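Worksheet: the structure to be examined is printed underneath.
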Amino acid sequence: MPVDLRDPVRLLLDTVLADARVHEEGAVADYIPELANADPDALGIALVSTRGVPHEAGDSGVEFTIQSVSKPFAYALALDLFGIDAVSEHVGLEPSGEPFNAISLDEASGRPMNPMINAGAIVTTSLLPGATADEKFAVVRTGLERFAGRELGVDEAVFASEAATGDRNRALAYLTRSAGTLGSTAEVATTAYFRQCSVLVTARDLAIMAATLATGGVNPVTGERVISEDAARWTMAVMTGCGMYDASGTWLVRVGLPAKSGVGGGIVAVQPGQFGIGTFSPRLDARGNSVRGVAMLEALSRDHGLHMLAHREEPLSPIGALSRSDDGMETVAALRGELRFAAAEEVLTRLAPLVRDDGTLVLDFSSVTSVGPAATRLFRALPGLLGPVEDRHIQVVLHDPEGVLDDD
Ligand code: GLN
């Protein structure tokens with residue numbers, strides 16, 4: 001991908017990356033022996049907007065194993081296929097407040113607490129179609145490739161290394177199997193899961209994958225719909241509560257973006273409706289989250305106001321112009337911008353008292369770019385609300401040449 005040196009977003013990412021280099025603490029994961037070979041100083045970041053424009057800095061094109069960053073995407077595939085209710089019978093939605101490899105099963109149901117810890121991720125992969133590990137992995141791999149928009153390789157050495165040392169994960173699989181929540185044998189589930197964790201990605205791939213969640217399920221680079229809007233929203237919700245393991249609460253306060261980390265050094269973060277970010281730096285903190293990745297995302301969020309719950313300034317009034325016919329019978333309001341619930345509420349409560357009891361209210365949507373579902377419902381209800389009520393007979397005309405009010 002050609003690098004545009006005049007790209008202002010890239011300059012910003014360069015600064016964030018340079019600032020993160022001061023962090024020398026943390027250590028490369030070595031409980032999977034092969035991961036210990038990672039370059040501890042590798043550092044990359046990429047940001048892809050929902051319009052599919054990539055911006056990247058540092059080692060954003062260097063491949064590493066996706067590890068637990070695969071979990072939300074495998075979960076998204078399961079949600080897309082089976083829906084939240086069916087999947088939730090096997091794996092829960094609650095933050096565990098425990099490390100990623102904890103024996104964290106709900107006492108009553110035997111379900112893992114959530115799909116972002118290993119127990120829940122192994123169950124999630126076990127639910128995907130296919131009778132064998134190879135078949136299940138093929139489903140995961142194809143899904144990850146559609147999220148990333150390119151073919152992805154597998155690091156066979158990391159796979160072999162985890163397969164040789166992954167007894168704790170096997171134990172989790174056997175426990176969930178005995179509780180009746182695993183969708184396959186323990187061997188099939190863990191083999192598919194180990195391969196899933198060994199898929200090779202770059203920070204750029206992660207940014208595109210995250211951006212695919214940000215758009216509500218459409219890969220903004222390829223234009224392909226990968227999962228449903230519901231599946232994207234559910235996935236981001238679980239990432240928000242559980243994506244950073246036992247650091248999830250602190251993360252939510254300090255960064256405030258749905259995210260997921262992996263012990264290969266990757267992190268994805270999503271600003272819904274705006275962009276996805278992927279970071280890569282293999283040195284991990286005690287919880288298994290990339291030290292420099294966390295530092296970069298904290299800095300971006302703090303310095304650029306990216307927290308998803310940050311207070312947004314009041315938008316312009318949705319009423320661009322207001323006019324009244326000479327005889328006072330017709331009130332015309334030209335609406336503008338993006339109308340969501342609060343905008344519709346403002347339009348209705350400000351205009352209704354201005355219209356004569358036997359007059360006409362024209363709402364002109366020509367300059368409106370989009371109308372949210374709640375706002376659409378309010379506007380559609382308006383003729384009934386203002387219409388023949390006692391001695392009021394207000395006619396309501398919704399002038400909508402572009403069809404922004406289409407319920408959809
Ligand atoms: N493959 C790793 C494991 O199961 C993934 C863990 C992680 O990235 N946090 O131990």
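The values are calculated or read from the model by the stated rules, or taken from the named source; none is laboratory data. Since the model is a prediction, treat every value here as computed from it, not as a measurement. All Cβ positions, glycine included, derive from the backbone under ideal geometry; neighbour counts span all protein chains shown. Remember, those area values only see protein heavy atoms, side chains included, never the ligands or the DNA or RNA. Shrake-Rupley method; radii C 1.70, N 1.55, O 1.52, S 1.80 Å.
Of ALA247, ALA259, ALA269, ALA237, all but one fail to be away from the ligand (no atom under 14 Å from the Cβ) and in contact with a strand residue (DSSP E or B) (Cβ under 9 Å, 6 or more places away or on another chain); the exception is ALA269. Considering only residues of region 44-58 that are in contact with a Phe, Trp or Tyr (Cβ under 6 Å, 6 or more places away or on another chain) and open to solvent by 10 Å² or more (accessible area, probe 1.4 Å), which is farthest from the ligand (Cβ to nearest atom)? This residue is SER49. Looking across region 1-43, the residues that are more than 16 Å from the ligand (Cβ to nearest atom), more than 25 Å from VAL218 (Cβ to Cβ) and open to solvent by less than 30 Å² (accessible area, probe 1.4 Å) come down to VAL16, LEU17, ALA20, ALA42, LEU43.
Check whether at least one residue in region 107-119 is under 16 Å from SER178 (Cα atoms), without any contact (Cβ under 8 Å) to a residue 24 or more places away in the chain and more than 16 Å from the ligand (Cβ to nearest atom), and report yes or no. Yes - at least one qualifying residue is present in region 107-119.
Going by what's in this entry, would GLY217 be described as within 26 Å of ASP134 (Cα to Cα), buried (at least 24 other Cβ atoms within 10 Å of the Cβ), of a type outside the set (A, V, I, L, M) and touching a residue at least 12 places away in the same chain (Cβ under 8 Å)?
Details: within 26 Å of ASP134 (Cα to Cα): yes; buried (at least 24 other Cβ atoms within 10 Å of the Cβ): no; of a type outside the set (A, V, I, L, M): yes; touching a residue at least 12 places away in the same chain (Cβ under 8 Å): yes.
When the stated conditions are applied, GLY217 does not pass them.
Only strands (runs of 3 or more DSSP E) whose full extent lies in region 268-380 are considered here, and the ones with at least 3 residues that are in contact with a Leu (Cβ under 6 Å, 6 or more places away or on another chain), crowded, with 17+ Cβ neighbours inside 10 Å and touching a residue at least 40 places away in the same chain (Cβ under 8 Å) are 275-280.
Kindly provide the set of residues from region 152-187 that are charged (D, E, K, R) and more than 30 Å from ARG204 (Cα to Cα), ordered by number.
Hits for region 152-187 are ASP167, ARG168, ARG170, ARG177, GLU187.
Each residue in region 138-168 was checked for being within 14 Å of the ligand (Cβ to nearest atom) and hydrophobic (A, V, I, L, M, F, W, C), and 8 of them qualify. Could you list, in sequence order, the residues of region 169-213 that are open to solvent by 40 Å² or more (accessible area, probe 1.4 Å), more than 16 Å from the ligand (Cβ to nearest atom) and in a helix (DSSP H, G or I)? Answer for region 169-213, where residues must be open to solvent by 40 Å² or more (accessible area, probe 1.4 Å), more than 16 Å from the ligand (Cβ to nearest atom) and in a helix (DSSP H, G or I): ARG177, SER178, ALA179, ARG204. Name the residues in region 155-176 that are farther than 14 Å from LEU35 by Cα, out of contact with any Asp or Glu (no Cβ under 9 Å at 6 or more places or on another chain), in contact (Cβ under 8 Å) with a residue 12 or more places away in the chain and not hydroxyl-bearing (Ser, Thr, Tyr), would you? Passing the criteria: ARG168, ALA171, LEU172, LEU175.
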